[in-house]
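J.: Pasting a structure below so you can have a look.
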Amino acid sequence: MLELKQVSKTYRVGNQDFPALKNISLTIEENAFMSFVGPSGSGKTTLLNLMGGLDRPTSGQVLFDGAQLESMNRSELAQIRKQHIGFIFQSHNLLPVYSVYENVLFPLLLNHLKEQDARERVMALVEKVGLTEQANKKPAELSGGQCQRVAIARALIKRPKLVLADEPTANLDTENSFRILELMQDLNEQYGAAFVFSTHDQRVTQFINREVRLEDGAVLWDKAKNGNGELE
Amino acid sequence: MLIQFAIKNFLRQGLRSILNVLITAITIVTVIFNLSLLNGFQARATLNMVKTDVAGGHYRIAGFDLLSPTEWEDHTGLVPDSLKALPEDQKAETLILQGQIFPNNRLYPVQMRGVGPGQELLDLPLQGLKRFPEKITDQIPVVIGTKMAERTHLKQGDSVVLKWRDKFGAVDARDILVVDVVKLLNPRVDEGMVWLRLDHLQDMARREGEVSWVAVELFQGPVPDMEFHSVDDLMKDLLILLKNDRRNSIILWIILMFLAGISVFNTQILNVFKRQKEIGTLLALGVESKQVVRIFTWEGAVTAGISVVVAGLIAVPLFMWFQTVGLDVSHLEESTIPVRDAIFLEFNPFEIFYSITVVVALTILVAWLPVRKISHMDPTLALRGKAIT
Ligand SMILES: Nc1ncnc2c1ncn2[C@@H]1O[C@H](COP(=O)(O)OP(=O)(O)OP(=O)(O)O)[C@@H](O)[C@H]1O
Ligand SMILES: [Mg+2]
């Protein structure tokens, strides 16, 4: 579904080039539930941004369902994100003026659905993430874990083909992390969306079925889970 | 949807929003107040001029110029029959001559203005002169305005020596009797003026039947030996004066608009700076950057919309109250502006519409200027809060 072909990203800092990603080639399956791991600065966020068309590679190609992202203009990229990609950020980045319900509704409105047609669907997902009682609260009135669950619902409501989650558990305690990962696992199975995380949280490992290790902008290894639930 | 989002965000700014709305609303109210007051002022000044002096225009003896007192005597003449035939409420025959009075032994040059005692065209409080016979018997009865009375220290019942020249150049001197001190609406026909009966003045100057001009209610077509001066012509200086006032009020408007603009501009800059993550999020969700620009512009523009409503809420009671008291302009007595009573607002719907449109358009413009840069923002940097530093 998503293919990276020899993708490199170089940042210019002062008058020096800094390679954040070096020649990365990867294929992401339709139903992937995988994670990029690696130390801070290894290029995880940069990679996710490239995959989501939020940023452009310095060289190489990103193919989304066979379409080349680098040949698209800003507006076309926005269309792709609007329709097919769900972002979840380390800090939830909810819209502060909107209630839980409205935050989850927002992507549907962007995709030109009418509120009355979307209402049930939104409330069903809000229920699934366990926030029915909080539906009319503003983000400021919620805990970090609750906010992150809203962010997940917001990313999933439009049934995207690809969910990109940049350290979704970084701000959460163990219990909340597990709940969120279980939730995403559920949704992955139910909706068939591909989930790609970035994390340096070891707790994530037990949930995923593929782990790609990045170091200094390069893939160190790429392991898939075998039948015994072990990575190899 | 975007507008609703903008309104929610606008409300979130709380105090800053209120401040922006207030200053913008005050700008609107002040501008409309100022323009309407000037309208009222102009209307009142014009009306006073018309009522006390100009009427519907003057037929002046050819060559007469009010600003050349030394030539007044050279430009008098008989009233043509066509004007003479007009009824008293359609004409006011007027003779203007130079004279000097000597209150407290000081010389005080005056304009002697004789007006037909029976005229009903001009609104002049000269009833005091009516009861005197056509021929002067003892002292010459005159009426003066309050300002003139103050300047010359003359009171009702006082007598003072008046000197003048008759048609043949002979100097004459006689006592005048101040039969009335009156309040004239128009300070221009007060100071330096002595009002007499036309027949008395003609008699004194041996200018039987002669006038300087005939004020008329309506233009009567060309009249031989006379020049018609229209209302606009006679009030040219006043209209120029008022135009200057209008210019001054536009300067005030610009200053206020500038303040309101800066305030909105500032809020918008702060918005873009403080809400970079939100901008990044919107972009990541697939909102196009030009839509984000529109959302943020709307947020500022909502200020304009709400300001118009608030301005209405302020203006209606304020203006209604103002119309009951008016603006006291008695201090203008010292100037040559023909207004001495209170003035009131006079609204011009086009002006109001125009002012509001300009304020709203400018607010939207300054709301847009700082958010333009969103359209070039790198979403990944915005998400990290580092797009603008
Ligand atoms: N806009 C930028 N300009 C310059 N350098 C950048 C920029 N964005 C990222 N980098 C650099 O690129 C490298 C990779 O950054 P990236 O954010 O992808 O790392 P990461 O793996 O997500 O790290 P972390 O775990 O801390 O989030 C880092 O060294 C970072 O300093
Ligand atoms: Mg990162």
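The values are calculated or read from the model by the stated rules, or taken from the named source; none is laboratory data. Not measured: the values here are computed from a predicted model. Cβ atoms come from the backbone with ideal geometry, glycine included; neighbour counts cover every protein chain shown. These accessible areas exclude ligands, DNA and RNA; they are computed on the full protein's heavy atoms, side chains included. Shrake-Rupley method; radii C 1.70, N 1.55, O 1.52, S 1.80 Å.
J.: In nm, to one decimal, how far is the modelled label at A:GLN16 from the one at B:MET1, with both set 7 Å along Cα→Cβ?
T.: So the label points at A:GLN16 and B:MET1 sit 4.6 nm apart.
J.: Once the other residues with Cβ under 12 Å from the Cβ of B:GLU227 are scored (Lys, Arg +1; Asp, Glu -1), what is the net sum?
T.: The answer is -2.
J.: Under a point-charge model restricted to the Cβ atoms of Lys and Arg (+1) and Asp and Glu (-1), what is the dipole moment magnitude of chain B relative to its Cα centre, in debye to the nearest 20?
T.: 2900 debye
J.: A further question on this structure: Near B:ALA6, within a Cβ-to-Cβ distance under 12 Å, what is the net charge of the other residues, with Lys and Arg +1 and Asp and Glu -1?
T.: +2
J.: Follow-up question, since we're still on this one. Suppose the chain between B:ALA85 and B:GLU120 were pulled fully straight at 0.36 nm per residue; how much longer would it get relative to their current alpha carbon spacing?
T.: So the chain would gain 11.2 nm between B:ALA85 and B:GLU120.
J.: Can you tell me which of B:324-330, B:9-15 comes out highest on packing, and rank the rest after it, using the mean Cβ neighbours within 10 Å?
T.: Ranking, from highest mean packing down: B:9-15, B:324-330.
J.: What shape does segment B:216-313 take by its C-alpha gyration tensor, where a ≥ b ≥ c are the square roots of the eigenvalues and a/c under 1.5 counts as rounded, a/b above b/c as prolate, and the rest as oblate?
T.: Because a/c hits 1.5 or more and a/b exceeds b/c, segment B:216-313 counts as prolate.
J.: In percent, what relative contact order does chain B have, based on Cα pairs under 8 Å that are 6 or more apart in sequence?
T.: Relative contact order here is 27 percent.
J.: If you build a Gaussian network model of chain A, linking Cα atoms that sit under 10 Å apart, which residue out of A:HIS84, A:HIS92, A:HIS112 swings the most?
T.: It is A:HIS112.
J.: Looking at this model, which pairs from A:LYS114/A:LYS161; B:LYS51/B:LYS167; A:LYS161/B:LYS277 are more than 26 angstrom apart at the alpha-carbon?
T.: Over 26 Å apart, Cα to Cα: B:LYS51/B:LYS167.
J.: Can you flag which of A:LYS22/A:LYS223; A:LYS138/B:LYS8; A:LYS5/A:LYS223; A:LYS22/B:LYS274; A:LYS5/B:LYS386; B:LYS91/B:LYS243 are past 23 Å Cα-Cα?
T.: Among A:LYS22/A:LYS223; A:LYS138/B:LYS8; A:LYS5/A:LYS223; A:LYS22/B:LYS274; A:LYS5/B:LYS386; B:LYS91/B:LYS243, the Cα-Cα distance tops 23 Å for A:LYS22/B:LYS274; A:LYS5/B:LYS386; B:LYS91/B:LYS243.
J.: Over segment B:58-229, what is the mean sequence separation of C-alpha contacts under 8 Å (at least six apart), divided by residue count, expressed as relative contact order in percent?
T.: Normalised by residue count, the contact order of segment B:58-229 is 36 percent.
J.: Sticking with this structure for a sec: Mind checking which of B:PRO69, B:VAL366, B:GLN42 is farthest towards the positive end of the protein assembly as shown's charge dipole, using Cβ charges of +1 (Lys, Arg) and -1 (Asp, Glu) about the Cα centre?
T.: Of the options given, the answer is B:VAL366.
J.: Which of A:SER91, A:HIS200, B:LEU345 sits closest to the plus end of the dipole of the protein assembly as shown, meaning its Cα is farthest towards the positive end, when Lys and Arg get +1 and Asp and Glu get -1 on the C-beta?
T.: Toward the positive end, the furthest listed residue is A:HIS200.
J.: Same structure, new question: For chain A, what's the relative contact order in percent, using C-alpha pairs closer than 8 Å and at least 6 residues apart?
T.: RCO, chain A: 28 percent.
J.: Quick check: net charge around A:LYS114, other residues with Cβ under 14 Å of its Cβ, Lys/Arg +1 and Asp/Glu -1?
T.: For residues surrounding A:LYS114, the net value is -1.
J.: On to the next question. Among A:35-43, B:132-140, what's the highest-first ranking by average C-beta atoms within 10 angstrom per residue?
T.: For the peptides A:35-43, B:132-140, the packing ranking is A:35-43, B:132-140.
J.: Any idea how far apart B:THR324 and A:PHE178 come out in nm if each label point goes 7 Å out from Cα toward Cβ?
T.: Result for the modelled spin labels: 7.4 nm.
J.: Then there's this: Determine the dipole magnitude for segment B:58-229: charges of +1 sit on the beta-carbon of Lys and Arg, -1 on that of Asp and Glu, nothing else is charged, the reference point is the Cα centre, and the result goes in debye to the nearest 20.
T.: It comes to approximately 560 debye.
J.: Is the C-alpha gyration tensor of segment B:58-229 telling us rounded, prolate or oblate? Criteria: a/c under 1.5 is rounded; beyond that, a/b larger than b/c is prolate, otherwise oblate.
T.: Prolate, since a/c reaches 1.5 and a/b exceeds b/c.
J.: Please give the total accessible area that chains B and A bury against each other, computed with a 1.4 Å probe and expressed in Å² to the nearest 100.
T.: That pair of chains buries around 2200 Å² in total.
J.: Further, regarding this structure: Fully extended, how many nm does the chain gain between A:GLN190 and A:ASP117 (0.36 nm per residue separation, minus their Cα-Cα distance)?
T.: 24.1 nm
J.: Residues of segment B:249-284 losing 40 Å² or more of accessible area relative to the isolated chain, 1.4 Å probe, heavy atoms only?
T.: Buried by the other chains: B:THR281, B:ALA284.
J.: Report the label-to-label distance for B:LEU107 and B:LEU67 in nanometres (one decimal), using points 7 Å from each Cα along the Cα→Cβ vector.
T.: 2.5 nm
J.: Along the positive direction of the dipole of the protein assembly as shown (beta-carbon charges: Lys, Arg +1; Asp, Glu -1; about the Cα centre), which of B:VAL293, A:THR45, A:ALA124 reaches farthest?
T.: Value: A:THR45.
J.: Distance between the C-alpha centers of segment A:98-150 and segment B:42-105? Whole Å please.
T.: What the calculation gives is 83 Å, centre to centre.
J.: Roughly to the nearest percent, how much of the accessible area of segment B:58-229 is carbon and sulfur, given a 1.4 Å probe?
T.: Result for segment B:58-229: 50 percent of the exposed heavy-atom area is carbon or sulfur.
J.: Taking the alpha-carbon centroid of each part, what is the distance from segment A:79-96 to segment B:200-233 in angstrom?
T.: About 86 Å separates the Cα centre of segment A:79-96 from the one of segment B:200-233.
J.: For the protein assembly as shown, what does the helix formula give at 222 nm: sum of -39500 (n - 2.57) over DSSP H segments with n ≥ 4, over the residue count, nearest 500 deg cm²/dmol?
T.: Counting only the DSSP helices, I get -13500 deg cm²/dmol.
J.: Something else: Averaged over peptide A:89-97, how many Cβ atoms belonging to another chain are found within 10 Å of each residue's Cβ?
T.: 5
J.: If you take each beta carbon of peptide B:286-294 and count the beta carbons of other chains within 10 angstrom, what is the mean?
T.: 5
J.: In sequence order, what are the phi-derived ³J(HN,Hα) couplings for segment B:229-245 according to the Karplus relation 6.51 cos²θ - 1.76 cosθ + 1.60 with θ = phi - 60°, rounded to whole Hz, with x for glycine and proline?
T.: 10, 6, 4, 4, 4, 6, 10, 4, 4, 5, 5, 5, 4, 5, 5, 5, 4
J.: Next up: What is the average number of partner chain Cβ atoms found within 10 Å of a Cβ in A:68-80?
T.: That average works out to 2.
J.: Please list, or write none, the aspartates and glutamates whose alpha carbon is within less than 16 Å of the alpha carbon of B:LYS236, excluding same-chain residues fewer than 8 places away.
T.: B:ASP53, B:ASP65, B:ASP245
J.: Roughly how many Å² is the accessible area per residue of the protein assembly as shown, as a whole number, for a 1.4 Å probe?
T.: 46 Å²
J.: Here's a follow-up. With +1 on each Lys and Arg Cβ and -1 on each Asp and Glu Cβ, and nothing else charged, work out how big the dipole of segment B:43-158 is about its Cα centre, in Debye to the nearest 20.
T.: Around 420 debye, computed over segment B:43-158.
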